[in-house]
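Only the coordinates and a few stated rules stand behind these numbers; no lab work does. Given the structure is predicted, the values throughout are model-derived calculations rather than measurements. So basically every Cβ, Gly included, is an ideal-geometry build from the backbone, and we count neighbours across all protein chains shown.
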Amino acid sequence: MRGAKNSIYKRWHSLTISPAKVRRIWKHPYWVEAGIFHDISCGTCPRFDAEKPACSIVFGSPTRKCAAAAIEANLNDVAEKSTLEIGFGTWALARNLIRRAGGTWTGVDLGQPKESESRIGKGGYGHAADIPFPDSTFDLIFGIQTFEHWGQRVNPYMPPSRYEDCMQEILRVLKPGGSIFLDAPMHFHGNEMFIMGDVDKLRELFDDSKWEDVVVERWRHKYEPLERFLPPQHELDVWPEEVTSYPKEQIEEIQKNGSAWLATFKARKRNG
Ligand SMILES: C[S@@+](CC[C@H](N)C(=O)[O-])C[C@H]1O[C@@H](n2cnc3c(N)ncnc32)[C@H](O)[C@@H]1O
């Protein structure tokens, strides 16, 4: 689905999202455990409509459908929690779900005007490596399809962020025992670790002395009975520019046989 109809469905889904309804959809374990991975295969996903057969989330690309499903599954139970969304852009789904579930939503995005101050309960300017809030402010910090961009150059004057600095900053503003939830498409775009689907390297960002309960959800990693999905050509064209530390053959192999999927990285900040 494309264009105006797609936008209308996406908006409608955000406007009508109900925590009670999505809690019902996602109440049973929806994954199969494989070490640190939780695999959500399309064929057994609660959002799979076997009659069609298709994903019952009707808007967006295949990985965007997974992003909507992952938000429904992970952000529906935040009553009383103070949450921070990094890179909130214009998609209101997570914000609406959190507010309706009784949580507080605050956002920072470097795409916002610099003079737009971020305050608790409101969105404004902020950078993943420089979050304008005091230590130990939030119970939950999350980002939807933004993680993969932190390590990219934003403009000629702003160098790419170091992921280690962003993770350190997140730890600073997260309360002890607080959680993180970051999703990102693999084999799609962004920093080279995401294009190459290098989950091992991404996992290293979660220092075990500071984080616990680290889980990586793999959405659409097993896409059957649905179709393989690769990004559009204009995204594929920039892969060689972005990917500089991996062999060329590895990129070619992904382009030939790979399929884009969505990873969500979840962890808890250790107490003390
Ligand atoms: C692809 S958009 C996703 C927006 C929204 N989360 C969504 O899913 O529709 C990425 C967003 O992340 C923001 N962003 C990128 N790097 C960032 C950083 N280092 N700190 C804060 N926001 C960032 C961009 O300005 C943009 O709004």
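Which net charge results when you count Lys and Arg as +1 and Asp and Glu as -1 among the other residues whose beta-carbon is under 12 Å from that of Gly87? Result for the neighbourhood of Gly87: -4. Taking the empirical scaling 2.2 N^0.38 Å for compact globular proteins as reference, the stretch 146-272 has a Cα radius of gyration ratio of 1.13.
Against the empirical curve 2.2 N^0.38 Å, the C-alpha radius of gyration of the chain lands at a ratio of 0.97. Distance distribution note for the stretch 63-215: the fraction of Cα pairs above 23 angstrom is 34%. Taking a sphere under 11 Å around the Cβ of Tyr30 and counting the other residues whose Cβ falls inside, with K and R at +1 and D and E at -1, yields a net charge of -1.
The residue among Leu110, Ser161, Ile25 whose Cα reaches farthest toward the positive pole of the charge dipole of the chain, with charges on the beta-carbon of Lys, Arg, Asp and Glu, is Ile25.
Measuring against 18 Å, Cα to Cα, the residue pairs Lys65/Lys222; Lys10/Lys122; Lys10/Lys65; Lys81/Lys122; Lys175/Lys210; Lys5/Lys122 contain Lys10/Lys122; Lys5/Lys122 as the ones spanning a longer distance. Take each peptide in 55-64, 188-197, count the other Cβ atoms within 10 Å of every residue, and average; sorted highest first, the result is 188-197, 55-64.
Among residues other than Asn74 whose Cβ falls under 10 Å from its Cβ, what is the net charge (Lys/Arg +1, Asp/Glu -1)? Please report the intermediate quantities before stating the final value.
Working: positive: Lys266; negative: Glu72, Asp77, Asp183, Glu217.
Neighbourhood net charge equals -3.
When DSSP beta bridges are restricted to pairs lying wholly in the stretch 2-269, around 50% turn out antiparallel.
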